[in-house]
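Visitor: After the structure tokens below, expect a handful of questions from me.
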Amino acid sequence: MTKKILLQILLLLVLVPVAASASGPKGIQSPSFWIGRLENPDSVVLRPKEIGELDRAIIEGTDQMADVAAMPDAVSGLKLREWLLFDPVPTPEEPRFTSGGELVKRPFFDALARNMDIKSVLDENPVKFGVVVEHADVRAFPTDTALLKRPGAFDTVQYSNISPMEPVALLHRSADGKWGFFQTRFARGWIRLEKVAFTDREGLEHGTAGFMTGSSW
């Protein structure tokens with residue numbers, strides 16, 4: 001897999017949605033719409049081995065991404081603290097507003113930092129594997145409260161969301177026991193533990209046998 005091929009494919013991932021939007025809604029959901037724009041639609045772009053190489057190159061080149069099933073049995077405290085503080089908790093000097101437009105005060109940020117429970121990070125932190133069982137938010141901090149840089153702006157705490165049956169690796173828990181800091185395939189962040197069922201590495205690789213819900217784990 002050459003860097004040139006990787007760059008071309010990544011460019012396609014960006015340009016195809018743009019082209020779809022610019023072309024209008026008619027026909028863009030039809031395969032023929034896209035096939036008709038290719039000079040050689042039946043030509044092989046990548047063979048299975050090259051697809052695997054591309055997958056590995058994307059994961060290795062993107063810090064937030066991971067092959068969850070290949071995660072180590074433990075992560076170092078140094079690395080885990082770095083991940084937990086990737087987005088530092090805002091301070092009153094960096095104004096944040098709730099979705100209702102109210103200014104967030106210092107006690108909220110202090111409580112949020114305590115709930116991240118960074119003091120409990122060990123020198124070596126065991127990894128536990130699981131699968132998402134309900135649609136869930138992936139958050140920058142263990143809170144459902146939206147934090148906006150200005151009233152009407154987007155929620156800076158919302159990283160993404162994740163669908164059922166996605167594999168995840170638990171790296172750390174919040175002090176209140178309601179949230180877990182997880183590695184997903186595409187990002188690291190906080191997910192409510194009740195949204196995840198836990199298993200061992202073998203169960204993760206072979207199905208759902210032996211799952212235990214996050215609320216009872």
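The values are calculated or read from the model by the stated rules, or taken from the named source; none is laboratory data. Computed from a prediction, not measured in an experiment: that's the story for all the values here. Positions of Cβ are backbone-derived with ideal geometry, glycine not excepted, and every protein chain shown enters the neighbour counts. Please note that ligands, DNA and RNA were not included when accessible areas were found on the heavy atoms of the full protein model with its side chains. Shrake-Rupley method; radii C 1.70, N 1.55, O 1.52, S 1.80 Å.
Visitor: When the residues of the range 100-126 are filtered to those that are in contact with a Leu (Cβ under 7 Å, 6 or more places away or on another chain) and not in a strand (DSSP E or B), which remaining residue is surrounded by the fewest Cβ atoms within 10 Å (Cβ to Cβ)?
Guide: Ranking the candidates gives Ile118 first.
Visitor: Cβ-Cβ below 7 Å, separation at least six or inter-chain, first residue in the range 30-44 and free of Cβ contacts under 8 Å to residues at least 24 places away in the same chain, second assigned to a helix (DSSP H, G or I) and surrounded by 10 or more Cβ atoms within 10 Å (Cβ to Cβ): which pairs?
Guide: Pro41/Ile35
Visitor: Can I ask one more? Within the range 153-171, how many residues are farther than 20 Å from Ala69 by Cβ, open to solvent by 80 Å² or more (accessible area, probe 1.4 Å) and not in a strand (DSSP E or B)?
Guide: 1
Visitor: Something else now. For Phe186, only one of the following conditions fails: (1) surrounded by 22 or more Cβ atoms within 10 Å (Cβ to Cβ); (2) assigned to a loop (DSSP other than H, G, I, E, B); (3) aromatic (Phe, Trp, Tyr). What is its number?
Guide: (1)
Conditions (1) under 24 Å from Phe186 (Cα atoms); (2) more than 17 Å from the chain's Cα centre (by Cα), marked per residue:
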residue: Glu94; (1), (2): no, yes
residue: Glu102; (1), (2): no, yes
residue: Phe109; (1), (2): no, yes
residue: Arg114; (1), (2): no, yes
residue: Val121; (1), (2): yes, yes
residue: His135; (1), (2): yes, no
residue: Arg139; (1), (2): yes, no
residue: Thr143; (1), (2): yes, no
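Visitor: All but one of (1) assigned to a loop (DSSP other than H, G, I, E, B); (2) touching a Leu at 6+ places or on another chain (Cβ under 7 Å) hold for Phe86; which doesn't?
Guide: So Phe86 meets the others, but not (2).
Visitor: Of the conditions (1) out of contact with any Phe, Trp or Tyr (no Cβ under 7 Å at 6 or more places or on another chain); (2) open to solvent by less than 80 Å² (accessible area, probe 1.4 Å); (3) at pLDDT 85 or above, Gly130 fails just one. Which one is it?
Guide: (1)
Visitor: Which one of these does Glu53 not meet: (1) at pLDDT below 90; (2) closer than 24 Å to Met116 by Cβ?
Guide: It fails just one condition, (2).
Visitor: Could you tell me whether Phe141 is part of a loop (DSSP other than H, G, I, E, B), open to solvent by less than 40 Å² (accessible area, probe 1.4 Å) and either in contact with an Asp or Glu (Cβ under 9 Å, 6 or more places away or on another chain) or modelled with pLDDT of 95 or more (or both)?
Guide: Yes: the conditions hold for Phe141.
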